[in-house]
Structures are given as structure tokens and as C-alpha cells.
Amino acid sequence: MTSEPNPPPRPTGRPDPGPPSKPPRSAMTMRDMLVALGVLIAVVIAIGGLQGSWSFAPAGPSVDPAAVPVVDAPAELRELAPLVPFAVRIPAVPPDWRSNSVDQDPVDGGGRAVRTGYITPDGRYVSLLQSDASEQALLAGETGKVAVPGRGPVDVDGQQ
């Protein structure tokens, strides 16, 4: 017995079917879309979790008082006082308020403004604004709107 090698397969005239083709869009179902969306959401969550660039806080954001910068507001206001054409007041605030910013800049329409920012114990932000600008110019600069109705001067603790 002689062994003969197997002859090569003969072409059948039919092309190789290759990988299965993607079904047409009209054949896609809602289930296909939900599965694809689920995979996409899982990938986004995995990437965000690995990078630590997001957190889950159902009760809202929390403020870490230790992470907020602290400035010496009275000292900063004393330094700014000679730079502005009005008397800068150093406010008496509750002892547990922390000052985190003091700056001054021009107001559109004329005048200067001195801002002091405070963080309260419950994490709220309070801003004190002192200026020689007109009420309309100051409100327009702060709100970004041209016409904001003002209330005029008010009395606070015997001071106007």
C-alpha cells in the first residue's frame, strides 16, 4: 500500500462566506440599543472610577472647610485702602467665619470695587462688596445685565 497525499480541495465556485454580516439597522431592536448603552455607561463609570475624577454625593456637594484657602481679611483690606478713592471698612464678622478672598478691580461705568469673601460654618459663601461706583453701574457689573433695578440706600444697624 502506498499512501497518497490528500488532493487539494477543488474550488466549488462559491466564495468563502467570511464573517457574518451586521444586520441592517431596521432589524435592530430596543434591546440591542439598551445593551449597547449599558456597555457604554459601564465603560464611562469604570474610566471615571479608575481616574478618581468623580464622586457620588446624593445629598449634594460637601465643603471641606480645611481645604478652603484662608486670608487675613483685615490686613488685606488695610493694604487695599490707599489704592481706592473711598474709605474701606473692615467689617466685624462672627469669629467662626473664614475669609477666603480679598480683591479690588475697576467697575464698568466708573469707580472701583473691593470684594471680601467669607465661608460660613455651614459652608455658605458670603461676599462683601464696597465701592464708589453708582448703584446702576455696580449692579450691571455684578449681574452681567445692563438694566437691573436698584433699591437705593438702606439703613443697617443705624448706618446708611
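The values are calculated or read from the model by the stated rules, or taken from the named source; none is laboratory data. Note that this is a predicted model, so its numbers are computed, not measured. Please note: Cβ atoms are built from the backbone with ideal geometry, for glycine as well, and neighbour counts cover all protein chains shown. With ligands, DNA and RNA removed, areas are computed over all heavy atoms of the protein, side chains included. Shrake-Rupley method; radii C 1.70, N 1.55, O 1.52, S 1.80 Å.
To one decimal place, what orientation-averaged projected area in nm² is obtained for the convex hull of the Cα set of the chain?
25.6
Counting pairwise Cα distances across the range 66-160, what percent come out greater than 15 angstrom?
For the range 66-160, the share of Cα pairs beyond 15 Å comes to 65 percent.
Among G60, F86, Q159, flag the residue with its Cα farthest along the positive direction of the charge dipole of the chain, charges on Cβ as +1 for Lys/Arg and -1 for Asp/Glu.
Final value for the positive-end residue is G60.
Using DSSP to call loops (not H, G, I, E or B), can you name the trypsin sites (Lys or Arg not before Pro) in the range 80-140 whose Cβ has at most 11 other Cβ atoms within 10 angstrom?
R124
Counting each DSSP H run of 4 or more residues in the chain as -39500 (n - 2.57), what helix-only mean residue ellipticity at 222 nm follows after dividing by all residues, to the nearest 500 deg cm²/dmol?
Calculated from helices alone, the mean residue ellipticity at 222 nm is -7500 deg cm²/dmol.
Compute a Gaussian network model of the chain, connecting alpha carbons closer than 10 Å, and tell me which residue from P121, P24, P58 fluctuates the most.
P24
Output the DSSP H helices from the chain with an along-axis C-alpha extent of no less than 30 Å and a mean Kyte-Doolittle hydropathy no less than 1.6.
Taking the DSSP H segments of the chain (at least 30 Å long, mean hydropathy at least 1.6), we get 30-51.
When the chain is fully extended, how far beyond the present Cα-Cα distance does T143 get from M28, taking 0.36 nm per residue of separation?
Here the segment from T143 to M28 would lengthen by 36.4 nm.
Per residue, how much accessible surface does the chain expose to a 1.4 Å probe? Answer in Å², no decimals.
I get 82 Å² per residue for the chain.
Could you work out what % of the accessible surface of the chain is carbon and sulfur, using a 1.4 angstrom probe and leaving DNA, RNA and ligands out of the count?
Carbon and sulfur atoms account for 59 percent of the accessible area of the chain.
Who wins for biggest fluctuation among G18, G38, G150 in a Gaussian network model of the chain, springs between alpha carbons below 10 Å?
Maximum fluctuation in the GNM of the chain, among the listed residues, is at G18.
At V84 and D132, where each label point lies 7 Å from the Cα along Cα→Cβ, what is the point-to-point distance in nanometres?
Distance between label points: 1.1 nm.
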